[in-house]
Amino acid sequence: MLLKKSNEKSLIPLMVTSMTVVAPLLFILGLVVGNQLQGNSSLTADSISSWLSAIATVAIAILTFILAKETWYLRDAQTRQLEELKRENIRPNVGIQLESSPVGVNFVNVKISNLGKGIARKVSITFLDRTENEIPIGADVVVEKFRKLAIFRHGIQAMGIGQEISSFVFSFIELGNELNGEIFKPYLNMLIEFEDVEGNPYSNSFTIDFSQYEGITELGGDALHKMATEVKKIREQIEKITGRSGGKLGVDIFDSNDRKAELEATKKWIEEQKRNHDAKR
């Protein structure tokens, strides 16, 4: 349907131009035929030439106006296209998502990221209910978990291209206790409003329905987190053995001079033992 309308619009200038050129010819032909039928031969070659010149001048003027109008429309379309391309090149795209913490699936982190091509400024986040009304402060347990973070209360002044801000927000276990077990009932609708570097406003809306987490389990765990935990245990054992903490090991250096001094001391001790033995005999 859109393609058909576009083709119809593109045929309008051609039809207008054709009518503008054909109309004078039909007019002259009508004059000649009418005079011939009435037996009036007063329409001379000079008069016909004058009529043709006048009508041609009018036709050229009309065609010039049409050409100027189409040129203006084309330039306006190109200007708007360039402005749109420029705007797309600096357009930010701020998004929010919840993700499981590497520590465990019960711990939830929130991540705010700018996936656009430009810097996002004056980022603000508003919590809405199912009727698109703002949730008052203290009216929702889950919302208050988010509002503990300053970025949800005061917003973010600027976010660079590809920048991410991640933080822990809640644990499903603690949240379940606060909600009396109705952990999959909450529903969040977040409205994110932000601007680009030129002050053009944008907005994104993200809906988080906690019922989608029902039945989700995790097998195993994050390998890097487990490795870090094991390394920490090894470090603690080494600290117990060495009696030192702070990541430093106590090391006694023993070089060739120490070995020479130890050998001399051993020889003196042997000689002393021999003298004591001879003295007792």
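The values are calculated or read from the model by the stated rules, or taken from the named source; none is laboratory data. No experiment lies behind these values; they were computed from the predicted model shown. All Cβ positions, glycine included, derive from the backbone under ideal geometry; neighbour counts span all protein chains shown.
Between a first residue in region 124-136 that is among the hydrophobic types (A, V, I, L, M, F, W, C) and a second residue that is in a loop (DSSP other than H, G, I, E, B), which pairs have beta carbons less than 6 Å apart while being 6 or more apart in sequence or on different chains?
PHE127/ILE135; ILE135/ASP129
Would you say SER100 is surrounded by 12 or more Cβ atoms within 10 Å (Cβ to Cβ), in the same structural domain as ILE183 (by TED's automatic domain parsing) and under 18 Å from the mean Cα position of the chain (by Cα)?
No: the conditions fail for SER100.
Which one is nearest to ASP196 (Cα to Cα), of the residues in region 65-107 that are modelled with pLDDT under 85 and part of a strand (DSSP E or B)?
LEU98
Select from region 115-145 the residues that are assigned to a loop (DSSP other than H, G, I, E, B), within 17 Å of LEU98 (Cβ to Cβ) and acidic (Asp, Glu) and list them in ascending order.
ASP140 - this is the single residue of region 115-145 that is assigned to a loop (DSSP other than H, G, I, E, B), within 17 Å of LEU98 (Cβ to Cβ) and acidic (Asp, Glu).
Quick one: is LEU128 out of contact with any helix residue (DSSP H, G or I) (no Cβ under 9 Å at 6 or more places or on another chain), farther than 21 Å from GLU174 by Cα and at pLDDT below 90?
yes
Regarding region 111-125, can at least one residue be identified that is in contact with a Pro (Cβ under 9 Å, 6 or more places away or on another chain), outside the structural domain of VAL169 (by TED's automatic domain parsing), of a type in the set (D, E, K, R) and surrounded by 11 or more Cβ atoms within 10 Å (Cβ to Cβ)?
No, that holds for no residue.
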